[in-house]
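*Asks:* Next up is a structure, given as structure tokens.
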Amino acid sequence: SPPAIIAPSILSADFGALGQSCVDTINHGADWLHIDIMDGHFVPNITWGPAITAAVRKRVEKPMSSMGKGTFDCHMMIAEPHKWVLEFKKAGCDLYTFHYEAAINSQAADTPSTETNRPTSPKELIGYIHSLGMSAGIAIKPKTPVDVLWPILENPIPDERPDMVLIMTVEPGFGGQSFMPDMLPKVTALREKYPNLPIEVDGGLGEGTIDEAADAGANVIVAGSAVFGAKDPAAVIRTLRESVEL
Ligand code: DX5
Ligand code: ZN
């Protein structure tokens, strides 16, 4: 598997001290910051948008390269994800991960994209994200089968292939939910076909669940409540990393 990447979800941070909390988390050994964007439509919750993301970005040192240390891993739990790509680029997002389900519902698949009608099929959206200099991730919800990803990953045009896949291990919307182990066969199937693909898991990850996720082949680990609820967040980040690297 590719190297371990620990991405604490700031959904469980102290929102009243968000900037400092993010700086502390990086200092505790986190690789990335996982930024959960929710719009109240795609998921039944609302977090924040580009303005807050930009404000926090100013506090955290920018990565040397997209997906390096300090990467802003923006998990876009929003309808019409094509409409926010430029705004999040301006806000300092490095990795724009949209939901497959949102992308395919934005536009009939056979409607061509134009300047005023931005790309919305997953492959076009990935190309658009890349054209703005960001990395692109694609996420699937628990009820979406992994098979929808094969044609996207096998796209002959490299620029339209995702840099990362995110397998949700809870229903998106809230932190602190229970890990769904029955999502792991998706990770195993992806890892078998793609030994070098960054595979992210998100939801219910912590000291009790990391081993099975790592065994399945996940290497990008999101953890919200497990990190921010801990007395010693650095120790939790270390444990998560060791489990992936073992
Ligand atoms: C859920 C979010 C997660 C969430 C994870 O919709 O995508 O990133 O913050 O929180 P925990 O780790 O507490 O399950
Ligand atoms: Zn998330």
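The values are calculated or read from the model by the stated rules, or taken from the named source; none is laboratory data. Values in this document were obtained by computation on a predicted structure and should not be read as measured data. FYI the Cβ positions are ideal-geometry reconstructions off the backbone, even for glycines, and counts take in every protein chain you see. Please note that ligands, DNA and RNA were not included when accessible areas were found on the heavy atoms of the full protein model with its side chains. Shrake-Rupley method; radii C 1.70, N 1.55, O 1.52, S 1.80 Å.
*Asks:* Hey, in the chain, which Cys have no second cysteine's beta-carbon closer than 4.7 Å?
*Replies:* 22
*Asks:* With Cβ to Cβ distances under 11 Å as the rule, what net charge do the other residues near residue 22 carry (K, R +1; D, E -1)?
*Replies:* That works out to 0.
*Asks:* Something else: If you take every residue apart from residue 219 with its C-beta less than 12 Å away from the C-beta of residue 219, what net charge results, scoring Lys and Arg +1 and Asp and Glu -1?
*Replies:* Spelling it out: positives minus negatives among the neighbours equals -2.
*Asks:* Could I ask something else about it? Rounded to two decimals, what is Rg over Rh for the chain when you use alpha-carbon atoms and the Kirkwood radius?
*Replies:* Using only Cα positions, Rg/Rh for the chain is 0.94.
*Asks:* What value does region 1-72 have for Rg/Rh, both radii from Cα atoms and Rh as Kirkwood defines it?
*Replies:* 0.98
*Asks:* With springs connecting C-alpha atoms under 10 Å apart, model the chain as a Gaussian network and identify which of 158, 233, 198 has the largest mean-square fluctuation.
*Replies:* Checking each option, the largest mean-square fluctuation is seen for 158.
*Asks:* Evaluated at 20 °C with a viscosity of 1.002 mPa s, what Stokes-Einstein diffusion coefficient in µm²/s does region 152-246 have when Rh comes from the Kirkwood expression over alpha-carbon pairs?
*Replies:* Approximately 154 µm²/s, per Stokes-Einstein.
*Asks:* Just the Cα atoms of region 121-179, one point each, no solvent: what log10 I(q)/I(0) does Debye give at q = 0.22, 0.30 Å⁻¹?
*Replies:* Calculated log10 I(q)/I(0) at the listed q: -0.86, -1.21.
*Asks:* Something else about it: Ignoring ligands, DNA and RNA, please state the percent of accessible area on the chain from carbon and sulfur, probe 1.4 Å.
*Replies:* Carbon with sulfur: 54 percent of the solvent-accessible area.
*Asks:* Quick one, what does Rg over Rh come out to for region 57-100 if you take C-alpha atoms and the Kirkwood Rh?
*Replies:* 0.98
*Asks:* Here is a further query. Between residue 177 and residue 45, what is the spin-label point distance in nm, taking each point 7 Å from the Cα along the Cα→C-beta axis?
*Replies:* 0.8
*Asks:* Continuing with this model, one more query. At 0.36 nm per residue, minus the direct Cα-Cα distance, what do residue 61 and residue 87 gain on full extension? Give it in nm, one decimal, please.
*Replies:* Contour length minus the Cα-Cα distance gives 7.4 nm.
*Asks:* Can you list the HN-Hα couplings for region 46-56, worked out from phi with the Karplus curve (6.51, -1.76, 1.60; θ = phi - 60°), rounded to whole Hz and with x for Gly and Pro?
*Replies:* Coupling constants for region 46-56: 10, 10, 8, x, x, 5, 5, 4, 5, 5, 6 Hz.
*Asks:* Taking 41 Å as R0, compute the FRET efficiency from the Cβ-Cβ separation of residue 52 and residue 143 and round it to 0.05.
*Replies:* It comes out at approximately 0.90.
*Asks:* Rounded to the nearest 10 Å², what accessible area does residue 62 show when all protein chains are kept and the probe is 1.4 Å?
*Replies:* Around 130 Å² of this residue is reachable by solvent.
*Asks:* Within the chain, what is the number of lysine pairs with alpha carbons under 17 Å apart, leaving out pairs fewer than eight places apart on the same chain?
*Replies:* Count of close lysine pairs: 8.
*Asks:* Springs between alpha-carbon pairs under 10 angstrom, Gaussian network model over the chain: which of 18, 197, 132 fluctuates most?
*Replies:* Result: 132 has the largest fluctuation of those listed.
*Asks:* Hey, could you grab the Kirkwood Rh for region 1-143? Inverse mean 1/r over distinct alpha carbon pairs, Å, one decimal.
*Replies:* For region 1-143, inverting the mean 1/r across all distinct Cα pairs yields 15.6 Å.
*Asks:* So what does residue 24 come to for accessible area, using a 1.4 Å probe and Å² rounded to 10?
*Replies:* Spelled out: residue 24, probe radius 1.4 Å, area about 60 Å².
*Asks:* Moving to a separate point now. Please work out how much accessible surface residue 150 shows to a 1.4 Å probe, ignoring ligands, DNA and RNA, in Å² rounded to 10.
*Replies:* Surface open to solvent at residue 150 totals about 40 Å².
*Asks:* Rounded, prolate or oblate: which fits region 189-235, taking a ≥ b ≥ c as square roots of the Cα gyration tensor eigenvalues, rounded meaning a/c under 1.5, else prolate when a/b beats b/c?
*Replies:* prolate
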